[in-house]
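> Questions regarding the structure given below will be posed in turn.
Nothing in this text is a laboratory measurement; each read-out follows from the coordinates by a stated rule. Everything numeric here is computed off the predicted structure, so don't read it as measured data. Positions of Cβ are generated from backbone atoms using ideal geometry, with glycine treated the same way; all protein chains shown enter the neighbour counts.
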Amino acid sequence: MIKEKLSLLQPISMGSRKLRNRIAMAPMTRSFADDRTGVVGQDVVEYYRKRAADGVGLIITEGIIISPRAKGTTGVPGLFTREQTESWKNVTDAVHREGGTIVAQIWHVGRLTHHEIAGGLPPQAPSASAFRIARGRSCSSFWKTIRYSGRDVDC
Ligand SMILES: Cc1cc2nc3c(=O)[nH]c(=O)nc-3n(C[C@H](O)[C@H](O)[C@H](O)COP(=O)(O)O)c2cc1C
């Protein structure tokens with residue numbers, strides 16, 4: 001009865017996709033991927049499958065990097081190697097089996113990376129401007145892992 005009245009629970013079209021309801025899951029970085037390969041495992045498959053089983057209409061994945069230099073923090077998944085793509089197919093298959101819809105959020109952090117995060121590669125950004133942080137402040141989540149407190153850092 002309630003289900004019939006609530007527009008939130010009614011199906012809707014999004015481009016060519018037909019969503020079973022209007023509930024969407026926001027993209028949330030989980031850092032569960034293999035840090036070296038950017039491949040997602042069975043834990044990530046299960047994480048997204050469960051959300052689809054709960055009835056979410058549209059799942060937007062965590063940010064997925066599109067190249068090694070796109071990486072801004074540890075444990076983020078990628079979608080630029082065959083191994084990574086195959087691992088995501090396990091996720092999408094599991095979500096589809098639960099009747100869900102999932103789209104990938106692709107991600108490039110621009111200058112907000114560091115060679116210690118990006119496998120030794122330098123940052124890649126649209127401009128050459130450095131991102132400066134104030135003395136003793138952290139500039140993004142990965143600085144919790146690699147600490148540069150107490151001095152200025154170009155990141
Ligand atoms: C743990 C966590 C991880 C997040 N990761 C991403 C992300 O990968 N991509 C993104 O666009 N937003 C990310 N966000 C932002 C959320 O998608 C959302 O926009 C934000 O939480 C505001 O929504 P709220 O007001 O409902 O909390 C993240 C938020 C949280 C709490």
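> Could you give each residue of the stretch 71-86 its phi-based ³J(HN,Hα) in whole Hz, using Karplus coefficients 6.51, -1.76, 1.60 with θ = phi - 60°, and x for Gly or Pro?
In residue order, the calculated couplings are 7, x, 7, 7, x, 8, x, x, 9, 10, 10, 4, 4, 5, 4, 4 Hz.
> Now a separate question. Under 18 Å from the 7 Å Cα→Cβ point of ALA53, by amide nitrogen: which residues of the stretch 65-92?
What the label zone holds, given the 18 Å backbone N cut-off, is 90-92.
> What is the sum of charges, Lys and Arg at +1 and Asp and Glu at -1, for the other residues whose Cβ falls under 11 Å from the Cβ of LEU121?
Residues close to LEU121 contribute a combined charge of +1.
> Return the FRET efficiency for the residue pair THR74, SER127: r is the Cβ-Cβ distance, R0 is 30 Å, and the value is rounded to the nearest 0.05.
0.75
> Now for a separate question. For a quick check of your reading of the filter: which trypsin sites (Lys or Arg not before Pro) in the stretch 27-80 sit in a DSSP loop and have no more than 12 other Cβ atoms within 10 Å?
When the trypsin sites (Lys or Arg not before Pro) of the stretch 27-80 are filtered for loop state and at most 12 Cβ neighbours within 10 Å, ARG36 remain.
> Note down the Stokes-Einstein diffusion coefficient of the stretch 2-144 in µm²/s, whole number, using a Kirkwood radius over alpha carbon pairs, 25 °C, and 0.890 mPa s.
Once the numbers are plugged in, D ends up at 147 µm²/s.
> Counting other Cβ atoms within 10 Å, keep those with at most 14, restrict to DSSP loop, and tell me which GluC sites (Glu not before Pro) in the stretch 46-121 are left.
Qualifying residues, ordered by number: GLU116.
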